[in-house]
1. Please determine, by comparing only the residues of the stretch 52-70 that are in contact with an Asp or Glu (Cβ under 8 Å, 6 or more places away or on another chain) and hydrophobic (A, V, I, L, M, F, W, C), which one is surrounded by the fewest Cβ atoms within 10 Å (Cβ to Cβ).
2. Of all residues in the stretch 118-162, how many are more than 18 Å from Gly73 (Cα to Cα) and touching a helix residue (DSSP H, G or I) at 6+ places or on another chain (Cβ under 7 Å)?
3. Quick one: is Leu218 modelled with pLDDT of 95 or more, on the phi < 0 side of the Ramachandran plot and under 20 Å from the mean Cα position of the chain (by Cα)?
4. Just to be sure before I move on: is Leu488 in a helix (DSSP H, G or I) and not polar (S, T, N, Q) in the structure I sent?
5. Would you call Arg33 without any contact (Cβ under 8 Å) to a residue 60 or more places away in the chain, more than 16 Å from the ligand (Cβ to nearest atom) and surrounded by fewer than 16 Cβ atoms within 10 Å (Cβ to Cβ)?
6. Can you pull out every residue in the stretch 509-529 that is outside any helix (DSSP H, G or I) and either open to solvent by less than 10 Å² (accessible area, probe 1.4 Å) or without any contact (Cβ under 8 Å) to a residue 12 or more places away in the chain (or both)?
7. Just to be sure before I move on: is Gly73 within 16 Å of the ligand (Cβ to nearest atom) and open to solvent by less than 10 Å² (accessible area, probe 1.4 Å) in the structure I sent?
Amino acid sequence: MRERLYIFDTTLRDGAQSLGVTFSLADKLLIARMLDELGLDYIEGGYPGANPTDTAFFAEKRPLPSAKLTAFGMTKRAGRSVSNDPGFADLLKADADAVCLVAKSWDYHVEVALGITLDENLEAVTDSVRAVREAGREALIDCEHFFDGYKANPGYALACARAAHEAGARWVVLCDTNGGTLPHEVAAIVAEVAKAVPGDHLGIHTHNDTENAVANTLAAVQAGARQIQGTLNGLGERCGNANLTALIPTILLKPGFADRFETGVTAEKLKKLTHASRLLDEVLNRAPDRQAAYVGESAFAHKGGIHVSAVQKDPRTYEHVPPEAVGNARKLLVSNQAGRSNILAELERVGIEVARDDPHVGLLLEEVKRRESVGYAYEGADASFELLARRMLGEVPQFFAVESFRVMVERRHNALGQLITISEATVKVRVAGEIVMSVGEGNGPVHALDQALRRDLGKYQDYIRDLDLVDYKVRILTGGSDAVTRVLIETRDRKTHSRWFTVGVSPNIVDASFEALIDSITYKLLRDKAPAPETLAA
Ligand SMILES: [Zn+2]
C-alpha cells in the first residue's frame, strides 16, 4: 500500500506574484482547467474580494471535476469577531471548496508587523479555522515564515501549528516564506513538527531563493509532510516557488518516492506535463526555459557524437528517465526519428489517428519544422496544428477564400475635441462561387477585420454566429535579419462553451492576426462538419 501525497498548486495565486506575470480571467480559467486535467488535488485560484479578476474567477462557472478550488486570504483580524471582519466574511462567501488562510507563526512578526500579543494571534488562528469549517469549507493554514519562526522561537511556532490543527484545519502548511532555509534544516524541523501535528496533516510551501525549493520539498516529504505546494514552471515572486514541473515527475518516477507514494497524477496524466508547461509559457507570452528539468526542449537532447550513438543503442546510457513519461521527446541532432515520434504524439493528443508509417507523418514533420523556423509555435495553438495536419491528409475543404482585404486606421479629434483612434476594414470573400464584400469597424485593425470577416460569410453565416474573440496575444520574435510577429488568438463558442487557439505569423501584425482569424473560423466550420462549398453551390 502506497501512501497518498497531495499536490497543491498555487500558480494562479503565488505564481501571479512573479515579476511581469498578469493573468487575465480567460488565462485563469484555461490554466485551472489544465491543472485539473493534470490531476492536481488543489488549485489555489487567488484572493476573492481583494482583487477584481480573482473575484470574477470565483464567480465564473468553471467545472473542475477533480481538483478542490481553493480561495486564499488572511486570518480574521485580532480583536474583532469573525462577523465583524468584512474582508474575512467576503472570503467565506466565495464559491470555493477550500479556504487557505495565511497566519503568522514567527513571534517577531506577530509583535512587530501585526502589533498584537502572541496569544491574540493564536486566538485569531483558532477562530478563523473554526469559521471556515462552519462555512462548510475545508480549512488550510499557511504558517508564514514558519522555519525562521521555528529557529527563533520553536515553542511558539509549534503552538501556532498545533492551534490550527486542533481547531480542525485539514492542512497545516509550513512555509519557507523567505526561501533561505536549507534541506537539512527543513528535514530536521519538519520531523520535530510531525511529533506535534501528524504528517498527514502537514504541508510544505517553499521558495527558491537558494535554488533549493524542490530539494526542500522532497526533504519535507521524507520527514513526514504529505501535502506539497508549488507552481508550474516554478513561477512565483523573487526566485519563484517550488517547481511542480520538476517535483511531480520526481515523485512519480524516482525510487524512494514512486514506490512509497501515490498522487492524483497518473502515469497517463504525467504525459501531459510538457504540454502544460509550454502552454503556460505561451499564455504568459514567455519564452520556455530550454534547460528546464524534464520538460525543457533540451532536457533529452543529445548532441555529442558518442552520446548520440550510445543513446541509439540504449537511451538509458544518457537519460535518467524516458522522455515520453513526461510528454517530452528525445532529440538526437542527427536523426529524424525523434521528430517523427513527436509529431505522432501531437496527432494523438488532438485526436487524429494515423498509422505510424503513414508517409503523411514525414511530410507533416517537414512542414512543422519549416514553419517553426519562421516563427510558428504550435504548443499553444492546437486548432491550427489540427488544421495543418488535416489539410495534409486532405480532410479540410476550402470553405471560403479571401480575395482581398483593406484596413484603415484613423486617428483624429472627435466632436468633443477628444483624440480617438478608429479602424475600418473591408473584406472581399468568395463563398461557394459568390463574392461577398463586408465592412467592419473596431477599436483596432484586428478587431475591425474580425468584425468585417464575420459580418457575412454567405451560406456559412449560421456556423459562426456564436463566436467570440476572447483573447489576443502578440509576440515580436527577433532573429535573423527581420523581426516577425506571432499572434495567438483564443476563440470561444458561446453556445457550447468550447474554446480553441490559433496562430498566425508574418512580418506584418495585421497579416499575422488575419491568418489566425481565418484558421479560427475554418476550424469551427470543420468541427461542425459544415458542408463543402461544392455541395452548397450545386
Ligand atoms: Zn509563497
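1. First, the residues of the stretch 52-70 that are in contact with an Asp or Glu (Cβ under 8 Å, 6 or more places away or on another chain): 58-59, 64-70.
Imposing the further condition that a residue be hydrophobic (A, V, I, L, M, F, W, C) reduces the set to 58-59, 64, 67, 69.
On the way: Phe58: 20, Ala59: 12, Leu64: 17, Ala67: 25, Leu69: 20.
Filtering the stretch 52-70 for residues that are in contact with an Asp or Glu (Cβ under 8 Å, 6 or more places away or on another chain) and hydrophobic (A, V, I, L, M, F, W, C), the one surrounded by the fewest Cβ atoms within 10 Å (Cβ to Cβ) comes out as Ala59.
2. Adding up the residues that qualify gives 11.
3. No, not satisfied.
4. no
5. So Arg33 fails the test.
6. Within the stretch 509-529, just Lys529 meets the criteria.
7. Yes.
The rows are residues; the columns are (1) under 37 Å from the mean Cα position of the chain (by Cα); (2) surrounded by 15 or more Cβ atoms within 10 Å (Cβ to Cβ); (3) assigned to a strand (DSSP E or B).
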{"position": "Glu403", "(1), (2), (3)": "no, no, yes"}
{"position": "Val407", "(1), (2), (3)": "yes, yes, yes"}
{"position": "Glu410", "(1), (2), (3)": "no, no, yes"}
{"position": "Gly417", "(1), (2), (3)": "no, no, no"}
{"position": "Ser423", "(1), (2), (3)": "yes, yes, yes"}
{"position": "Val427", "(1), (2), (3)": "yes, yes, yes"}
{"position": "Met437", "(1), (2), (3)": "no, no, yes"}
{"position": "Gly440", "(1), (2), (3)": "yes, yes, yes"}
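The values are calculated or read from the model by the stated rules, or taken from the named source; none is laboratory data. Computed from a prediction, not measured in an experiment: that's the story for all the values here. Please note: Cβ atoms are built from the backbone with ideal geometry, for glycine as well, and neighbour counts cover all protein chains shown. All accessible areas refer to the heavy atoms of the entire protein, side chains included, with ligands and DNA or RNA removed. Shrake-Rupley method; radii C 1.70, N 1.55, O 1.52, S 1.80 Å.
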